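Note sheet for the following structure.
The values are calculated or read from the model by the stated rules, or taken from the named source; none is laboratory data. These numbers come from a predicted model, not from an experiment. Cβ placement follows ideal geometry from the backbone for every residue including glycine, while neighbour counts extend to all protein chains displayed. SASA here: full protein model, heavy atoms, side chains in, ligands and nucleic acids out. Shrake-Rupley method; radii C 1.70, N 1.55, O 1.52, S 1.80 Å.
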Amino acid sequence: MTSITRRTILLAASALGAVGLTAGIAFADLPVLAKKDTYKVGFAQTESNNPWRIAQTESMQAKAKELGFQLVYTDAAGSAAKQVADVNSMIAQGVDLIFLAPREEKPLIPAVMAAKKAGIPVILLDRNVDQSLAKAGEDYITFIGSDFIDEGKRMAEWLVKNKPDGAKIIELEGTTGSSPANDRKKGFDEALAGMAGFEIVASQTGDFARDKGRQVAEALLQAHPDANVIYAHNDEMAMGAIAALEAAGKVPGKDVLVLSIDGGKEAVQAVVDGKIAAVVECNPRFGPKAFETMARYAAGEAIEPWVKNIDAFYDPSNAKDEVANAY
Ligand code: AHR
């Protein structure tokens, strides 16, 4: 059977003056990416203040170098406004395609739309945009990344299994308005809703940052001295929470269980050392999958709206064996 590709739909659409649709994806609106030996590609990074971001950037740079592509790299330094300006600058420089890790779900929509208007395809990396305002297959090619809702859910399920008598939980949220913060909260909170004995006593943003996580954990531990679990949306805030617990004279892993997401070497080692109870991985090594997806698109393949990353899980049962492989 002949497979339907974006190119066949584009041809049919231009012949009929219509927008092509397959598997619910409209391709005719998307800019085309010519097949070439080399490309000038943009990578608009969110910030570089943690090992996860650094590992992601290194993975993108290494793969671009291996392929002999020119990579135009920008660091938005934690500012959505700067990230929009970075994307506009890439458009002005005439890059062939933009990889965008949108800091927040809504403020990056104008950047996605500007690239589309300029005829430059966009692939979203690791974070998504608001799905009511922009869609994969129409406004950008695809989202490559983890299932953040499932990450939160898996953490809640681990907690219920390993602390069946219940818990008083402090939740340290990621950057407000970002897709991992929204979804990790949703997955975790919904999995625990209605579970007898499990209560989220406080939930506040620590902006995915170690020091902010430490400060927020310190304040929330003072307000809720009976809390016995801290669920942090990433490793950096989990490490900050450990510092806050130790400063308060509490023993992480004994008085308070710390749960985290990311799976960097420091956090997986903290599981080995008993300071973190469990970590859901969120793999930052995007380079191979990002450039492979770009090649598939240039070859005219229909790209699925979500290229999903599969995440590991670390707890005392496997952390020692896995720490060497963690980023
Ligand atoms: O979008 C992924 C999240 O962003 C990672 O959990 C975090 O560490 C990063 O800053």
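Some points to look at:
- Within region 29-47, considering residues that are within 14 Å of the chain's Cα centre (by Cα) and of a type in the set (S, T, N, Q), the one farthest from the ligand (Cβ to nearest atom): GLN45
- Members of region 125-142 that are more than 17 Å from GLY174 (Cβ to Cβ) and not hydroxyl-bearing (Ser, Thr, Tyr): GLN131, LEU133, ALA134, LYS135, ALA136, GLY137, GLU138, ASP139, ILE141
- Region 295-320, residues that are surrounded by 14 or more Cβ atoms within 10 Å (Cβ to Cβ), touching a residue at least 40 places away in the same chain (Cβ under 8 Å) and in a helix (DSSP H, G or I): TYR297, ALA298, ALA319
- Subset of region 289-327 (residues that are within 19 Å of THR38 (Cβ to Cβ) and within 19 Å of the chain's Cα centre (by Cα)): ALA290, PHE291, GLU292, THR293, MET294
- Taken over region 103-147, the criterion of being in contact (Cβ under 8 Å) with a residue 40 or more places away in the chain, within 16 Å of the ligand (Cβ to nearest atom) and over 22 Å from GLY300 (Cα atoms) is satisfied by ARG103, GLU104, GLU105, LYS106, PRO107, ASP126, ARG127, ASN128, VAL129, SER146, ASP147.
- Among the residues listed as LYS163, LYS135, the single one being within 25 Å of GLY263 (Cβ to Cβ) and open to solvent by 10 Å² or more (accessible area, probe 1.4 Å): LYS163
- So GLU199, is it in contact with a Phe, Trp or Tyr (Cβ under 6 Å, 6 or more places away or on another chain) and in a strand (DSSP E or B): no
- Checking ILE169 against (1) closer than 25 Å to ASN283 by Cβ; (2) outside any loop (DSSP other than H, G, I, E, B); (3) not charged (D, E, K, R), the condition it does not meet: (1)
- Filtering GLN222, GLN215 for residues that are assigned by TED's automatic domain parsing to the domain that holds MET155, at pLDDT 95 or above, under 27 Å from the mean Cα position of the chain (by Cα) and of a type in the set (S, T, N, Q) leaves a single hit, GLN215.
- Considering residues of region 148-160 that are within 16 Å of the ligand (Cβ to nearest atom) and not β-branched (Val, Ile, Thr) only, the residue most open to solvent (accessible area, probe 1.4 Å): LYS153
- Considering residues of region 166-180 that are in contact with a Gly (Cβ under 6 Å, 6 or more places away or on another chain) and away from the ligand (no atom under 11 Å from the Cβ) only, the residue nearest to ALA219 (Cα to Cα): LEU172
- Boolean, ILE109 is modelled with pLDDT of 95 or more, out of contact with any Phe, Trp or Tyr (no Cβ under 6 Å at 6 or more places or on another chain) and either over 21 Å from THR57 (Cβ atoms) or β-branched (Val, Ile, Thr) (or both): yes
- Hits in region 222-267 (condition: more than 16 Å from the ligand (Cβ to nearest atom), open to solvent by 10 Å² or more (accessible area, probe 1.4 Å) and part of a helix (DSSP H, G or I)): GLN222, ALA223, ALA243, GLU246, ALA247
- Among the conditions (1) within 16 Å of the ligand (Cβ to nearest atom); (2) under 19 Å from THR57 (Cα atoms); (3) crowded, with 17+ Cβ neighbours inside 10 Å, the only one that ARG285 does not satisfy is (3).
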